[in-house]
Amino acid sequence: MGAIIFWGIIRTAILIPVLWLLYGVIEYRYWWWLVILSIYGVIIYPATIQYRLFKEENDELINNTLCSSCRYFDKSAIICLKYDEHPTLKYLPCEGLDWELKEYDYEEEKY
Ligand code: SF4
């Protein structure tokens, strides 16, 4: 998730000066359309694609592993907060010894 934000900031940092330079070249009424379309095309759309890929790549890890039900697991960053390491499907930082059930919401029947 941090990579998505990082690259979003990089793309924004590149886009702002480019739009600023184009401000003097393009007619004002077209420039606003360019701003709107470029923000969507350069910042928002790539971020949504990155997020979708992130979810697809980590779906199994987020939903079907021991870590996914552990209170120390942060699914937004795929990290074990106790060991400050990234678990994978083949690597469990605590080897199952420090697993603790995360709080369960019995009314909504979800974690
Ligand atoms: S403590 Fe163990 S089970 Fe819990 S998130 Fe970390 S590695 Fe996974």
Given (1) out of contact with any helix residue (DSSP H, G or I) (no Cβ under 7 Å at 6 or more places or on another chain); (2) within 14 Å of the ligand (Cβ to nearest atom), identify the lone condition not met by Cys80. (1)
Could you list, in sequence order, the residues of the range 63-80 that are exposed (fewer than 15 other Cβ atoms within 10 Å of the Cβ) and among the aliphatic types (A, V, I, L, M)? Leu66, Ala77
Output the residue which, of all residues in the range 43-62 that are surrounded by 13 or more Cβ atoms within 10 Å (Cβ to Cβ) and within 16 Å of the ligand (Cβ to nearest atom), is nearest to the chain's Cα centre (by Cα). Asn58
Selection over the range 4-42 where residues are open to solvent by 60 Å² or more (accessible area, probe 1.4 Å) and within 20 Å of Phe54 (Cβ to Cβ) yields a count of 5
For the range 70-77, does any single residue satisfy the condition of being part of a loop (DSSP other than H, G, I, E, B) and over 16 Å from the mean Cα position of the chain (by Cα)? yes
Is it the case that Thr65 is within 13 Å of the ligand (Cβ to nearest atom) and either over 24 Å from Trp7 (Cα atoms) or touching a residue at least 60 places away in the same chain (Cβ under 8 Å) (or both)? yes
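Can you tell me which of Gly8, Gly2, Gly24 is within 13 Å of the chain's Cα centre (by Cα), modelled with pLDDT under 90 and on the phi < 0 side of the Ramachandran plot?
Gly2
The values are calculated or read from the model by the stated rules, or taken from the named source; none is laboratory data. Computed from a predicted structure; not experimentally measured. Here the Cβ is made from the backbone with ideal geometry for all residues, glycine too, and neighbour counts use every protein chain on show. In case anyone asks, the SASA skips ligands and DNA or RNA and just uses the protein heavy atoms, side chains included. Shrake-Rupley method; radii C 1.70, N 1.55, O 1.52, S 1.80 Å.
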